[in-house]
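Heads up, the thing below is written out as C-alpha cells.
The values are calculated or read from the model by the stated rules, or taken from the named source; none is laboratory data. Bear in mind that the values here come from a model prediction, so they are computed numbers and not experimental data. Here the Cβ positions follow ideal geometry from the backbone for every residue, glycine too, while neighbour counts run over all protein chains shown. The protein model used for the area step is the full one, side chains on, heavy atoms only, and it has no ligands, DNA or RNA in it. Shrake-Rupley method; radii C 1.70, N 1.55, O 1.52, S 1.80 Å.
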Amino acid sequence: GPFEDVKKFLLYIAAILSFILPASAQEKLVECRIIIDVPFCISGSEEKHIRYDIDSVGLVKSLQDLRFINDDINTTIKSVEFYSSVSPEGSLSFNRKLGKKRLKTVERLVRKYLEIPESVPVTYTERMIPWDEFLLPAIKADSTLAHREELIKVISNSPRKSRRSRLARARGGRLWKVVKTEYFGLMRKGGAIIILDRVTYEDMINDSTAQVFTD
C-alpha cells in the first residue's frame, strides 16, 4: 500500500545518504587513560624482590593491548607516568632502593610493548609506602577485618615515619600480622599511567536515519 511505498522510499534515501554523509562526519578528540598494574613478589633477598607476576592474566592482556596503540593512526600518546610502591617491611634506605628498582623494571617492561616518542613527557613517581593512598581505604572498606577500627585509629593518628613501629607494638604485634597477611602483598607494585588522545568520528547519518530503521 501507500505506506509501504513511503517506507521503501525512505529506506532508499537512507541508503543513499549512508554513502554521502560519512564524508561530513564530525571529528571528535577523546582523552583516554590506560593503567598498567605490575604485581611484584617478595622473597628473602633483595634481587628477588624484583620478580613480578608476568603470567598474571590482567597484566598479560594489558601489555598486549599496548601493541594496538603503536599501530593506531588515530591515537596519540600525550604523557606517561611510571610509578612504584613498597610495603612497610625493611629499612627506609632499603625501600628507597627497592622503589627505584621497581620503577626501572616497570619502565623496561612497558617500553617492550609500547613505542614512546621522545617528545612525550615521561614522569617517575616513587609512592614509597602507600598508607593513605591504598592501605587506609582498603581497611575502611573491609567490614570483616579483625580490629578494623583500632587499625584505622593507629594508622590515622600516627605520623608516617612512626606508623610501622606503632602498628608493630599494638596488641603485641597482632595488628601488624593482620595487615601484613591481608594487604602488604598488594602494596608491592608498580605500574604506568598512559594518557592518550584518540580521534573518533561521529557519523552525521545516525540521528537522521535511526527512526526509519526502527519503525
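Here the accessible area of segment 98-194 is 51 percent carbon and sulfur, with a 1.4 angstrom probe and all protein chains present. For LYS112, the lysines whose Cα comes closer than 18 Å to its Cα, not counting residues fewer than 8 places off in the same chain, are LYS61, LYS101, LYS104. In this simple spin-label model, placing a label point 7 Å from the Cα along the Cα-to-Cβ direction at both ARG166 and GLN64 gives a separation of 4.7 nm.
Under 27 Å Cα-Cα from LYS153, which lysines qualify once same-chain neighbours fewer than 8 residues away are excluded? LYS153 reaches LYS140, LYS161, LYS177, LYS180, LYS189.
Partners of LYS28 within straight-line reach, counting lysines whose Cα lies under 26 Å from its Cα and excluding those fewer than 8 residues away in the same chain: LYS78.
Neighbours of LEU29 by Cβ distance under 10 Å: Lys/Arg scored +1, Asp/Glu scored -1, total -1. Solvent-accessible area per residue in segment 68-215 equals 57 Å², computed with a 1.4 angstrom probe and all protein chains kept. Taking a sphere under 13 Å around the Cβ of ARG111 and counting the other residues whose Cβ falls inside, with K and R at +1 and D and E at -1, yields a net charge of +1. Database remark: amide H of LYS78 closer than 5 angstrom to the amide H of ILE195, LEU196, ASP197 (H placed geometrically; neighbours at sequence offset of 5 or more, or on other chains; Pro and chain starts carry no H).
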